[in-house]
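Peer 1: Following this message is one structure expressed as structure tokens.
The values are calculated or read from the model by the stated rules, or taken from the named source; none is laboratory data. Quantities reported herein were computed from a predicted structural model and do not represent experimental measurements. Every residue, glycine among them, receives a Cβ derived from its backbone with ideal geometry; neighbour counts consider all protein chains shown.
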Amino acid sequence: MMRDRLAILTATVAGIFMTVQYFLVSSAATTAYKTILAWMQIIFAFALIVGVIGVSRIHLQKLAQRRAGWINSAVLLATAAVMAVLGFSGGIDRGSPFLWIFDNWQAPMQSTVFSLLAFYVASAAYRGFRARSGESLVLVIAAIIVLIGRVPLGEWISPYIPVTADWVLNIPALAAKRGILIGIGLGMVATSLKVILGLERTYLGGR
């Protein structure tokens, strides 16, 4: 399809330019780079609008058909409409109703949800730290040293525990973290090359 070819060509040209401009010392390249970034922000804004419309359509259908969870859909649509009206009418400055609701409702709810993650982390740690092999035993010992060394109890037991915990975090853990980041970087490069070469086309909607 012509539309797919145009999208692939646009992605290829943009990808090549964004890669090459890092090696160019030119005012024209800098201006083009800033222009592309500005257009990216504009596209992001329209994509956000499309996303809001899509979510609203899904929940409106769910509400109209009274499917399971339609009350949650009604609450979502009502609160989204209220926040949109308050944001456009009263602004988002300090002291506005929009920001008051965000600070006193949204922020506490987010903190509550994130606090629940601690129980899932504890459960995952319990399953992951069971010493079933030598590697698991090393992981358990390192985790115990780091956990105890990051609280005052560790220094009270022995001054060497916090020092050992810092060594674990700064040497072996940091090396593993850098290895993971290198792998992520290589994956990003590979995916970018596939998009530039037209091999990766999932952004076309599965076509």
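Peer 1: For the structure I just gave you, tell me whether VAL138 is surrounded by fewer than 13 Cβ atoms within 10 Å (Cβ to Cβ), modelled with pLDDT under 85, more than 26 Å from the chain's Cα centre (by Cα) and in a helix (DSSP H, G or I).
Peer 2: Answer is yes for this residue.
Peer 1: Would you mind telling me which numbered condition in (1) in a helix (DSSP H, G or I); (2) modelled with pLDDT under 85; (3) aliphatic (A, V, I, L, M) ILE92 fails?
Peer 2: With respect to (1) in a helix (DSSP H, G or I); (2) modelled with pLDDT under 85; (3) aliphatic (A, V, I, L, M), ILE92 is out only on (1).
Peer 1: Between LEU99, LEU86, LEU48, LEU76, which is over 25 Å from the mean Cα position of the chain (by Cα), more than 22 Å from VAL195 (Cα to Cα) and part of a helix (DSSP H, G or I)?
Peer 2: That would be LEU86, the only listed residue that is over 25 Å from the mean Cα position of the chain (by Cα), more than 22 Å from VAL195 (Cα to Cα) and part of a helix (DSSP H, G or I).
Peer 1: Provide a single number: the residues in the range 1-56 that are of a type outside the set (A, V, I, L, M) and either under 21 Å from THR202 (Cβ atoms) or in contact (Cβ under 8 Å) with a residue 24 or more places away in the chain (or both).
Peer 2: Of the residues in the range 1-56, 12 are of a type outside the set (A, V, I, L, M) and either under 21 Å from THR202 (Cβ atoms) or in contact (Cβ under 8 Å) with a residue 24 or more places away in the chain (or both).
Peer 1: When TRP100 is evaluated against the numbered criteria (1) among the hydrophobic types (A, V, I, L, M, F, W, C); (2) surrounded by 11 or more Cβ atoms within 10 Å (Cβ to Cβ); (3) under 30 Å from ALA11 (Cα atoms), which criterion, by number, is the only one it fails?
Peer 2: Of the numbered conditions (1) among the hydrophobic types (A, V, I, L, M, F, W, C); (2) surrounded by 11 or more Cβ atoms within 10 Å (Cβ to Cβ); (3) under 30 Å from ALA11 (Cα atoms), the odd one out for TRP100 is (3).
Peer 1: Of all residues in the range 101-135, which are among the hydroxyl-bearing types (Ser, Thr, Tyr) and modelled with pLDDT of 80 or more?
Peer 2: Selection gives SER111, THR112, SER115, TYR120.
Peer 1: Right, another one. Which condition breaks for ILE145 when tested against (1) in contact (Cβ under 8 Å) with a residue 24 or more places away in the chain; (2) assigned to a helix (DSSP H, G or I); (3) surrounded by 13 or more Cβ atoms within 10 Å (Cβ to Cβ)?
Peer 2: Among (1) in contact (Cβ under 8 Å) with a residue 24 or more places away in the chain; (2) assigned to a helix (DSSP H, G or I); (3) surrounded by 13 or more Cβ atoms within 10 Å (Cβ to Cβ), ILE145 violates only (1).
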